[in-house]
Amino acid sequence: MNTLQLTTSIKKEVWEYKRIFVWLPAIIASLIILAPLIGILLIDGSLSAFFLNNNPNVTWTGFWQQIAEVQHDKMFNVISFSFSSMLFVPFLLIATLVQLYYFIACLFDERRDLSVLFWRSLPVSDGLTVGVKLLVGAIILPGFFLLAATLTLVLFLILAFIFTVIMAVGYDISLWGLWGSSNIFSHMMTSWLNLLPYTLWMLPLYAWLMLVSMFSSKAPFLWAIIPVIIVLLVEAFIVHYFNLESQVLLGLLTDYFSISENNVNHYLHDQSSISLVPMKVISSKISIFGITLSAVFIYATYWLRANRSHH
Amino acid sequence: MSEQWNKDTPIYLQLYQQVVSRILDGYIKEGEALPSVRNVAAQYQLNPITISKAYQMLQDEEIVEKQRGKGLFVKPGMQDLMLSRERETFLTKQWPSILSQINRLKLSANDLLTNQGENS
Amino acid sequence: MTSLINVSNLTKQYGEKAAVDNVNLSVKAGQILGLVGPNGAGKTTCLQALLGLTDYQGEVDILGYNPKTQRTAMLNDVAYIADVAVLPKWMKVSQALEYMAGVHPNFNQSKAEEFLAKTNISQKSQIKQLSKGMIVQVHLALILAIDAKVLILDEPTLGLDILTRRQFYSHLLEDFYTQEKCIIVTTHQIEEIEHILTDVAFIQSGSIVLCEDTEHIKERFKLVAVNQESIEQAKELKPIFSNSLMGLTTMLFDGVEQESLSSLGNITSPTLADIFVGVMTKEAC
């Protein structure tokens, strides 16, 4: 195994799934950029509704006035953070769906069209293959979406810059002040950095899907969902029959994957910088058990690929 | 194209014979190189060892000679040599039985040479 | 002459049944070995053992590698084609070349490109746009460009038309084979590659029933069109196979001298296919 093998293998994954890696984020980005632009062109004043989500009476001029007023306000930091987060949200949502699809497909497609016979005739170890698919699905794939989101944000900033230059002539808006207090760049950075704790949190799910991708001979999606449902149903039955307290497994699963108000508030209060909140929240969800379970799934996936691909 | 090889003679011998015939008929000229072993193997769908054996025999019989790095070349004077060898083989081995057959059928030289197209 | 492949006492059991039972094989440089046998004879299992795809008992050594424990390293010097048409459908030819160059240390990209230049396959085409024959050519181009010492082919021409089959073997002989390399082929179509093989091994029910080089095999086996009156006498010599059709009896003899047979009738050399049928039928009885 060497660097060239690693980079070539990553390239191969991107080639194979190019539609979802490159085209999909590009399409979303274009939609996000185009939609408000069309909105601006068609309806004046609705822009503020889009951005600030309040009072439809606010007009363009009112908007700039507000900026002039709040630019040095601490709240501006929060507002701009919310804005950039909102911009990232559609990208991240779609990225999640695409990731789940990729993990289910990554080891299934090659067995379905028999190309696994070709891949395994080459000196690429199964460990490298499984590792690369995990890396691609967990980091590189969301990376493409984050990149698209970041570029969209940058584009918006450039447009905003142009607007403020034109519009701010009558208002006392200090551009550097705006940039300074909005901390746009640190917001962007944290979005990227959040990827790491997020990956560790979601790792059990990724590993489970990869394992399903490896062992199912058809309908991997069903294989991913149905065993879990069956286990939960069995548990529900047992709980009901024996009149027990509550469903342990169901509780564990829902707790693990959800972010509650409490979580957020806990961190919201004792942090000075809002942009660190998501990272703290996400990091708190990572569990040793989850990581261990992921390791087990990943090893099983590797073992199956090394020993059972050809059956 | 793959040839139809006679089952009863080893293929390398048949190949040897084929090269000899080609030289005799002038298709392979003196001083010309024989095609490479690989080439012949690929064309005739034979294994290279068979070809090598035939080529070795040609070398042993001094019909071709090896030129370093360039391959096997037909030696000068081979066409004539082949002609006299094949003549001898024909006259000593094949002709006598043909001759006795001609006598048996009581055919004259005239009959043989003018009736060429008649009895097909 | 060094052995590139050495198989000793190879055994693989599925429960009670042995798919492969004490098989011994060795392939030297320059040999082209055909492993021939009916379905279920154990050819595939043998090949899987050679390629490290299954557990086995016994020893397998390919170029000094243990295929089970050193599989990835072994594949640097061993090429195999499991099925000539299994290239990934989504890939473009240019991507396949780039991938091989990045992943295989012994891949010579220009050699592959030279080979492809002689075909009418564009580097921009996707595999799924190519006909089966073209896919074979691409796969072959990739394999030829790896300077592998050992090539293992598992029914490589299954499902291909005759033109593609001929081309496949032509290219193999012309562009791949050298005296330092060896090839193992498993196949059903013995007539087609009969003359290409330097050695042949017949396998049946997990055991090798015959392993011989193709020259000697022609000297060893004789096909006799036995005269009616000599039939009883012929039977004394224990033919391994006998066939009567329209009053003509043909018998196959193994290792019986020419002189003993000459009085019985007309002697010819059997084809490899004839020998295969004869030996297999004998074993089945």
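Let's test the formula: R0 of 30 Å, r as the Cβ-Cβ distance of A:His310 and A:Thr3. What FRET efficiency results, to the nearest 0.05? Given R0 = 30 Å and the Cβ-Cβ separation, E is 0.55.
Other residues with beta-carbon under 15 Å from the beta-carbon of C:Ala117 carry, at +1 per Lys or Arg and -1 per Asp or Glu, a net charge of 0.
Distance from the alpha carbon centroid of segment A:229-256 to that of segment A:289-305 works out to 24 angstrom.
Once backbone amide H atoms are built at 1.01 Å from N, C:Leu210 has C:Phe202 as its partners under 5 Å, excluding neighbours fewer than 5 places away on the same chain. Say a paramagnetic label sat at a point 7 Å from the Cα of B:Asn6, along Cα to Cβ; which residues of segment C:244-259 have their backbone N under 20 Å from it? Counting backbone N atoms under 20 Å from the label point, the list is C:258-259.
Work out the length of the dipole vector of chain B about its Cα centre, built from +1 on the beta-carbon of each Lys and Arg and -1 on the beta-carbon of each Asp and Glu, and round it to the nearest 20 debye. Don't jump to the answer; show the numbers that get you there.
Working: 14 positive and 14 negative charges, 56 e Å.
So the dipole magnitude of chain B works out to roughly 260 debye.
Here the 3J(HN,Hα) profile of segment C:112-121, calculated from phi with Karplus coefficients 6.51, -1.76 and 1.60 at θ = phi - 60°, is 5, 5, 4, 4, 5, 5, 7, 9, 10, 9 Hz, Gly and Pro shown as x. What nm value, rounded to one decimal, do you get for the distance between A:Ser85 and A:Ile225 when each label is placed 7 Å out toward the C-beta? In this crude spin-label approximation the distance works out to 3.0 nm. The label-point distance for A:Ile10 and A:Leu253, in a model that sets each label 7 Å from Cα toward Cβ, rounds to 3.4 nm. Averaged over the residues of B:43-55, the number of partner chain Cβ atoms lying within 10 Å of the residue Cβ comes to 5. Picking from C:Val23, C:Val103, C:Val209, which is most flexible by a Gaussian network model of chain C using Cα springs under 10 Å? Answer for the Gaussian network model of chain C: C:Val103.
DSSP beta bridges in chain C, what fraction antiparallel, as a percent rounded to 5? Write out the running numbers ahead of the final one.
Values: 37 of 55 bridges.
Here the share of antiparallel DSSP bridges comes out near 65 percent.
Report the Rg/Rh value for segment C:41-187, based on alpha-carbon coordinates and the Kirkwood definition of Rh.
Values: Rg = 15.3 Å, Rh = 16.0 Å.
Computed over Cα atoms, the ratio is 0.96.
Quick check on chain B: helices-only [θ] at 222 nm, where DSSP H runs of length 4 and up contribute -39,500 (n - 2.57) each and the sum goes over total residues. Nearest 500, please.
Rounded to the nearest 500, the figure is -15500 deg cm²/dmol.
Just name one of C:Leu197, C:Gln109, C:His216: the one whose Cα is farthest towards the positive end of the charge dipole of chain C (beta-carbon charges, Lys/Arg +1, Asp/Glu -1). Positive-most Cα among the choices belongs to C:Gln109. Residue by residue along C:269-280, Cβ atoms of other protein chains within 10 Å of the local Cβ number 1 on average.
Couplings 3J(HN,Hα) of segment A:100-112, computed from phi: 4, 4, 4, 5, 5, 8, 4, 10, 8, 3, 5, 7, 5 Hz, in residue order, whole Hz [Karplus 6.51 cos²θ - 1.76 cosθ + 1.60, θ = phi - 60°; x for Gly and Pro].
Between their Cα atoms, which of A:Lys133/C:Lys128; B:Lys75/C:Lys118; A:Lys11/A:Lys218 are more than 32 Å away from each other? Walk me through the intermediate numbers first.
Details: A:Lys133/C:Lys128 23 Å; B:Lys75/C:Lys118 34 Å; A:Lys11/A:Lys218 26 Å.
Exceeds cut-off: B:Lys75/C:Lys118.
So, by mean Cβ neighbours within 10 angstrom, what's the order for C:87-97, B:53-63, A:128-138, A:26-36 with the highest one leading?
Numbers: C:87-97: 19.5, B:53-63: 16.5, A:128-138: 21.3, A:26-36: 14.4.
Ranked by mean Cβ neighbours within 10 Å, highest first: A:128-138, C:87-97, B:53-63, A:26-36.
Within the listed set B:Val20, B:Val40, B:Val74, the residue fluctuating most in the Gaussian network model of chain B (springs between alpha-carbon atoms under 10 angstrom) is B:Val40. In chain C, the longest principal axis of the Cα atoms and the axis of helix C:162-171 are about 70 degrees apart.
Quick check on packing: order A:287-294, C:49-56 by the mean number of other C-beta atoms within 10 Å, highest mean leading. Don't skip to the end; give the middle numbers.
On the way: A:287-294: 14.0, C:49-56: 21.9.
By packing density, highest mean first, the sequence is C:49-56, A:287-294.
Highest mobility in the GNM of chain C, judged by mean-square fluctuation with C-alpha springs under 10 Å and restricted to C:Ala101, C:Ala73, C:Ala145, is found for C:Ala73. The Rg/Rh ratio of the protein assembly as shown, with both radii computed over alpha carbons and Rh defined as the Kirkwood radius, is 1.17. Centre-to-centre, using Cα atoms only, segment C:66-126 and segment C:202-265 are separated by 45 Å.
In this rough spin-label picture, where each label sits 7 Å from Cα along the Cβ direction, the C:Gln57-A:Glu245 distance is 5.4 nm. Among the residues of A:2-11, the average count of other protein chain beta-carbon atoms within 10 Å of the residue beta-carbon is 3.
Every number here is computed from the coordinates shown, using simple stated rules; none is lab data. What you see is a predicted model, and the numbers here were worked out from it, not measured in a lab. Heads up, the Cβs are rebuilt from the backbone with ideal geometry, glycines too, and the neighbour counts pull from every protein chain shown.
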